[in-house]
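Presented below is the structure to which this report refers.
The values are calculated or read from the model by the stated rules, or taken from the named source; none is laboratory data. None of these values were measured; they are calculated from a predicted model. Cβ atoms come from the backbone with ideal geometry, glycine included; neighbour counts cover every protein chain shown. Quick note on the areas: whole protein, heavy atoms, side chains included, nothing else; ligands and nucleic acids left out. Shrake-Rupley method; radii C 1.70, N 1.55, O 1.52, S 1.80 Å.
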Amino acid sequence: MKKSIYLILIILFLLMACGIKTNTLLNGVTKVPFNTEVYLNKLNFDNSLLNIVDTNVIYEEHNRRYNVLSRLDDHVETSFYGAYRFYPNGYFNYYTLDRSRSGLLVSNDLNPEFDGQRGVYYKENSKIRFDLFAEINQNQWIGELNGTFTFSGDTLYVKRDVLEYTKIYVKRELPKECLNYKVDWLKK
């Protein structure tokens, strides 16, 4: 019995020690990978993707059930919704935004140094693949989430490899000052 408990404790310790080391962004909450090597699939980025991906907008979460943007949805208990922002160099952010502010964005909402989970998008076998580094459990451990982006007109379809369903996001035009950020996560 004692050996089993020790074995379980050792396994738990090893699992915690193997997680991605992180830095905390300026909001004091969001964790991003410290080691820039996790973004190496960015090397598979192809400039031809810029003919498909609009880097001058954000893509906001859409609620399929009620056929409404999550920002405008009054059917849900939470006031938070997701949005993607793509950059012309193969990086992207996933933001969690607060709809309780009537859809108004404040200066740091889309500032990648202040907030936002980080990822890379790239071409693989004629598909747009992604690696997103985000919380993977309730202990707020950071891990790698992978999947495929599909763009059709003003709509983004996000299919994670480990999930059966696809989430929908719709373009939202914003003033340039909201999107005036450049990123390069391979630099420390």
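A compact table of results
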read-out	value
Where the chain is the region considered: accessible area per residue in Å², 1.4 Å probe	61
Approximate spin-label separation W141-Y157, in nm, with each point projected 7 Å along Cα-to-Cβ	3.2
Size of charge dipole - the chain - debye, nearest 20, with Cβ of Lys, Arg +1 and Asp, Glu -1, no other charges	460
Estimated vicinal HN-Hα couplings, Hz - the range 140-157 in sequence order (Karplus 6.51, -1.76, 1.60; Gly, Pro = x)	6, 6, 9, x, 9, 10, 10, x, 10, 9, 10, 10, 9, x, 8, 10, 10, 10
Listed residues L40, V170, F130: farthest to the positive end of the dipole of the chain (Cβ charges)	L40
Under 13 Å, Cβ to Cβ, from R172 - net charge with Lys/Arg +1 and Asp/Glu -1	-2
Dimensions (Å) - the range 90-188, Cα atoms, principal axes, largest first	36, 34, 29
Within-12-Å neighbourhood charge of D54 [Cβ basis; K, R +1; D, E -1]	+1
Calculated [θ] (222 nm, deg cm²/dmol) that DSSP helices of n ≥ 4 give over the chain, each run adding -39,500 (n - 2.57)	-3000 deg cm²/dmol
q = 0.13, 0.15, 0.18 Å⁻¹, the chain: log10 I(q)/I(0) [Debye, one scatterer per Cα]	-0.72, -0.94, -1.31
Spatial separation of Cα centroids for the range 67-108 and the range 150-183, in angstrom	10
Helix 2-17 vs. the chain, principal-axis angle (Cα, 0 to 90°, nearest 10)	30
Simple spin-label estimate for L43 and D98 in nanometres, 7 Å along Cα-Cβ	4.1
